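The values are calculated or read from the model by the stated rules, or taken from the named source; none is laboratory data. The model shown is predicted, which means the values in this text are computed figures rather than measured ones. Cβ atoms come from the backbone with ideal geometry, glycine included; neighbour counts cover every protein chain shown.
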Amino acid sequence: MAGGAGIGPGAIARPDAPDPVAYARWQRPQVDARLAAILPIGPWGGQQGIWDAEGLSGLQVPMLMMAGSEDTVSGYEMGMVRIFREARQSDRMLLTFKGAGHNAAAPTLSPREAFIPSDRLRFLPAEHYCDPVWDTPRMNAVAQHCARAFLGLPLKGEAGMARYLTGDWAGFQPGTAEGLGWEARAPDAQGARTVQGAG
């Protein structure tokens, strides 16, 4: 994860752990001054101890995280929600696709060839792209809408985009935000401010 968040000690205990020099570099990474925001989609490692509260407190840029509530790869509550809540020094937002798995907000549509069974896989290749509950074009439209508003603030200084990031679902037709969840938190040092919205 970029933006100043460092990996935790749990990362070094893994069999695939980085060498000590690389670990030290990623424990307290330097933030490139050009980096204005991050947008992780389904980030992995929260439930594995890769990220801890101390490391996540180093996140210095705004974050919009996109997640599926039924993600069994990254884990929702113990993984991604934990990352979101422990990044306490950052303005942060969490867009949840309720019922979606790890492919929530996946930006790539399944190619036609992915629907052909493979002798080398125990699953249909399209499962790598598709969510069993959410329609991919619909998820992509929601993700693009929220990402455009989120990135418009720090990258273009478009203050008007803030109205799309409140959990009131501005820009959505009535009833079209069903199945979506929204949580926003300001840095803890500025006082607790939590905004939650549900479709």
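Check segment 2-20 and report whether any residue there is in a loop (DSSP other than H, G, I, E, B), under 30 Å from A143 (Cα atoms), modelled with pLDDT under 70 and not β-branched (V, I, T).
yes
So, in segment 56-80, how many residues would count as being of a type in the set (A, V, I, L, M) and under 10 Å from P43 (Cα atoms)? Please lay out each step first, then the result.
Narrowing segment 56-80 to residues of a type in the set (A, V, I, L, M): 56, 59, 61, 63-67, 73, 78, 80.
The next check asks that each one be under 10 Å from P43 (Cα atoms); those that pass are 65-67, 73, 80.
The number of residues fulfilling the criteria is 5.
Would you please name the residue that is surrounded by the most Cβ atoms within 10 Å (Cβ to Cβ), looking only at residues in segment 68-122 that are of a type in the set (G, A, S) and more than 18 Å from V142 (Cα to Cα)? Steps first, answer last, please.
As a first pass, look at segment 68-122 and keep what is of a type in the set (G, A, S): 68-69, 74-75, 79, 87, 90, 99-101, 104-106, 110, 114, 118.
Checking the rest, the ones that are also more than 18 Å from V142 (Cα to Cα) come to 74-75, 79, 87, 90, 114, 118.
On the way: S74: 23, G75: 19, G79: 23, A87: 29, S90: 24, A114: 16, S118: 11.
Filtering first and then ranking leaves A87.
Across segment 100-138, which residue is nearest to M66 (Cα to Cα) among those that are part of a loop (DSSP other than H, G, I, E, B) and of a type in the set (K, R)?
Keep residues of segment 100-138 that are part of a loop (DSSP other than H, G, I, E, B), which gives 100-111, 116-124, 129-135.
Filter once more, keeping what is of a type in the set (K, R): 120, 122.
Working: R120: 31, R122: 28 Å.
The qualifying residue nearest to M66 (Cα to Cα) is R122.
What are the pairs with Cβ atoms under 7 angstrom where one residue, in segment 67-88, is under 19 Å from A105 (Cα atoms) and assigned to a loop (DSSP other than H, G, I, E, B) and the other, located anywhere, is modelled with pLDDT of 95 or more and β-branched (V, I, T)? Sequence gap at least six, or different chains.
S69/T96
Could you please find all residues in segment 139-169 being in a loop (DSSP other than H, G, I, E, B) and over 16 Å from L94 (Cα atoms)?
Passing the criteria: G157, E158.
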